[in-house]
Amino acid sequence: MKTARIALGLASVFAATFALAQGAADQRRSGYQDMGEALQKMQDDDTANPGMLFVQLGEQLFGKPAGAANKSCADCHGAGSMKGIAARYPAIPKEANKPVDLGGRINLCRSANQQAEPFAPESRELLSLEAYVAFQSRGQPSAPPSDPRLAPFRAQGAEIYRRRQGQLNLSCAICHDDNAGKKLAGVTIPQAHPTGYPIYRLEWQSLGSLKRRLRNCLVGIRAEAYAYDAPEYVALELYLMDRAKGMPLEVPGVRP
Amino acid sequence: MTNVLINAPKTAKPGEIVEIKALILHPMETGFRPGTNGRLIPRNIIEHFVATWNGMEIFRMKMSPAIAANPFVSFFAVATESGTIGLRWTGDEGFLAEEHVAIAVG
């Protein structure tokens, strides 16, 4: 009788922990859930979402031959063949010995296979191609690769995320973990799950990468932003995508 | 390279009120912003947007520098006859974009 009660007690404790764990998983929110209904509708409607203009542009670029090799992306990859690719970036491609984000991967392909000049960071061409490739993974769960070589970079990202920096002496975690869901300058602080990048941010009136968003935050805490090609961004992105593991991609996201 | 997204119904009943929505890629540079060299970036906006139904003008809009980049326009029209809806954007630096969508009324 007593053992049965203990077993029942244990079962209910297990159930409670399980529910708690489930609850914790469910508490992860995308920035999408924290914005107003009008913006959500704008993102959901593919003919009202300005990010779709860039997806369309990216599709055109994907089929356009470039570089000394005079090959287009579609010559190797085929149009619409990039399903699920964006969900597992950043990753370490075979041409490199360090992790690269999706934009970096596109530029690697461009210089190695098309023998063309890599696109400038935040250029319309690069963002459009990124948006077109990532759009094909829309709705798929974020799936960071389990490559053990990524672990130290991910740890570095986690360290940067928790490191206080800048004149305001804030870390990413102070806003996006400890105070997520509260307001900062009238806007809800999101939980740092970058599932919508590249995003169309109304403030930018343009598409922008996660890098640009991170630079915004760094400037906001009055820290010196890393250079555009700094490995710190990729490390942070690795860590952030790991936090968002399993959450569906929503490229191109619209944000205020 | 012009880049436009149009959302208009493909079919409508006679007399039905239809909504036509159009989004276009355009910087809408105001002419008031200094560039990185300190000089003003020249104004580059869409000045006019005109919609026609089988060639007849049904909607006209004058745009100003205060309108954000990639302007989104939505307007209503009464469907009377089958045909083509024409959308035309004109602006600074000889900007011209023209798109057509077919609509069947009946």
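Selection of the range A:43-55 for residues being free of Cβ contacts under 8 Å to residues at least 60 places away in the same chain, facing chain B (nearest Cβ under 7 Å) and part of a helix (DSSP H, G or I) yields only A:Leu53. Scanning the range A:117-139 for residues that are crowded, with 18+ Cβ neighbours inside 10 Å and more than 17 Å from A:Ile199 (Cβ to Cβ) turns up just one, A:Phe119.
Within the bounds of the range A:221-235, is there any residue that is away from chain B (no Cβ under 14 Å), of a type in the set (Val, Ile, Thr) and surrounded by fewer than 17 Cβ atoms within 10 Å (Cβ to Cβ)? Within the range A:221-235, none of the residues are away from chain B (no Cβ under 14 Å), of a type in the set (Val, Ile, Thr) and surrounded by fewer than 17 Cβ atoms within 10 Å (Cβ to Cβ). Is it fair to say A:Gly253 is touching a residue at least 12 places away in the same chain (Cβ under 8 Å), small (Gly, Ala, Ser) and surrounded by 14 or more Cβ atoms within 10 Å (Cβ to Cβ)? Here the answer is yes, as A:Gly253 does meet what is asked.
If you scan the range B:33-58, which residues turn out to be among the aromatic types (Phe, Trp, Tyr) and closer than 17 Å to B:Gly91 by Cα? Of everything in the range B:33-58, just one residue is among the aromatic types (Phe, Trp, Tyr) and closer than 17 Å to B:Gly91 by Cα, namely B:Phe49. If you check B:Arg33, B:Arg60 for being basic (Lys, Arg) and over 19 Å from A:Gln205 (Cα atoms), only one passes: B:Arg60. Of all residue pairs spaced 6 or more apart or on separate chains, those with beta-carbon atoms under 8 Å, a first member in the range A:205-216 that is within 14 Å of chain B (Cβ to nearest Cβ) and a second member that is in a helix (DSSP H, G or I) and hydroxyl-bearing (Ser, Thr, Tyr) are A:Leu207/A:Ser128.
Does A:Ile6 satisfy being touching an Asp or Glu at 6+ places or on another chain (Cβ under 9 Å) and either modelled with pLDDT under 90 or assigned to a helix (DSSP H, G or I) (or both)? Explain how you work it out, then say what you get.
Working: touching an Asp or Glu at 6+ places or on another chain (Cβ under 9 Å): no; either modelled with pLDDT under 90 or assigned to a helix (DSSP H, G or I) (or both): yes.
So A:Ile6 does not fit the description; no.
Could you look through the range A:225-250, keep only residues that are in contact (Cβ under 8 Å) with a residue 24 or more places away in the chain and part of a loop (DSSP other than H, G, I, E, B), and pick out the one that is nearest to A:Ala86 (Cα to Cα)? Taking the candidates together, the pick is A:Leu249. With respect to A:Tyr200, determine if the residue is in contact (Cβ under 8 Å) with a residue 24 or more places away in the chain and buried (at least 21 other Cβ atoms within 10 Å of the Cβ). Yes, satisfied. Any residue at all in the range A:58-80 that's at the interface with chain B (Cβ under 9 Å from one of its Cβ atoms), surrounded by fewer than 17 Cβ atoms within 10 Å (Cβ to Cβ) and of a type in the set (D, E, K, R)? For the range A:58-80, residues at the interface with chain B (Cβ under 9 Å from one of its Cβ atoms), surrounded by fewer than 17 Cβ atoms within 10 Å (Cβ to Cβ) and of a type in the set (D, E, K, R): absent.
Anything in the range B:26-61 that is over 10 Å from the mean Cα position of the chain (by Cα), under 30 Å from B:Val105 (Cα atoms) and of a type outside the set (Phe, Trp, Tyr)? List them, or say none. Of everything in the range B:26-61, those that are over 10 Å from the mean Cα position of the chain (by Cα), under 30 Å from B:Val105 (Cα atoms) and of a type outside the set (Phe, Trp, Tyr) turn out to be B:Thr52, B:Asn54, B:Gly55, B:Met56, B:Glu57, B:Ile58. Residues of the range A:205-217 that are of a type in the set (A, V, I, L, M) and out of contact with any Gly (no Cβ under 7 Å at 6 or more places or on another chain): A:Leu210, A:Leu214.
The values are calculated or read from the model by the stated rules, or taken from the named source; none is laboratory data. Note that this is a predicted model, so its numbers are computed, not measured. Neighbour counts are summed over all protein chains in view; Cβ atoms, including those assigned to glycine, are modelled from backbone coordinates with ideal geometry.
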